[in-house]
Amino acid sequence: MFACMYFGGLRPAEAAGLREKDCHLPASGWGLLTLEKTTPQSNKRFTDSGEAHDERGLKHRV
């Protein structure tokens with residue numbers, strides 16, 4: 001998780017939302033991470049599902 005944040009520039013919620021199918025890692029060299037969702041953490045009272053993590057779409061980044 002921390003390597004993805006450091007080397008890939010991911011936000012913590014994006015790194016927490018990574019799944020194995022999103023990671024394309026070759027035997028040698030650099031791989032590719034395909035981000036599809038984010039799981040921001042907030043208080044359970046403020047989420048739609050009542051859970052601490054709510055799945056959301058990605059923010060548009062430049």
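Kindly indicate whether GLU36 is among the charged types (D, E, K, R), at pLDDT below 75 and in contact with a helix residue (DSSP H, G or I) (Cβ under 7 Å, 6 or more places away or on another chain).
No: the conditions fail for GLU36.
Among the residues of the stretch 9-22, how many are in contact with a helix residue (DSSP H, G or I) (Cβ under 9 Å, 6 or more places away or on another chain), open to solvent by less than 50 Å² (accessible area, probe 1.4 Å) and not charged (D, E, K, R)?
3
Tally time: how many residues in the stretch 2-17 are within 15 Å of LYS37 (Cβ to Cβ) and assigned to a loop (DSSP other than H, G, I, E, B)?
3
The values are calculated or read from the model by the stated rules, or taken from the named source; none is laboratory data. Please read all numbers here as calculations on a predicted model, not as lab measurements. We place every Cβ from the backbone using ideal geometry, glycine too, and count neighbours over all the protein chains shown. Heavy atoms of the whole protein, side chains included, go into the accessibility calculation; ligands, DNA and RNA do not. Shrake-Rupley method; radii C 1.70, N 1.55, O 1.52, S 1.80 Å.
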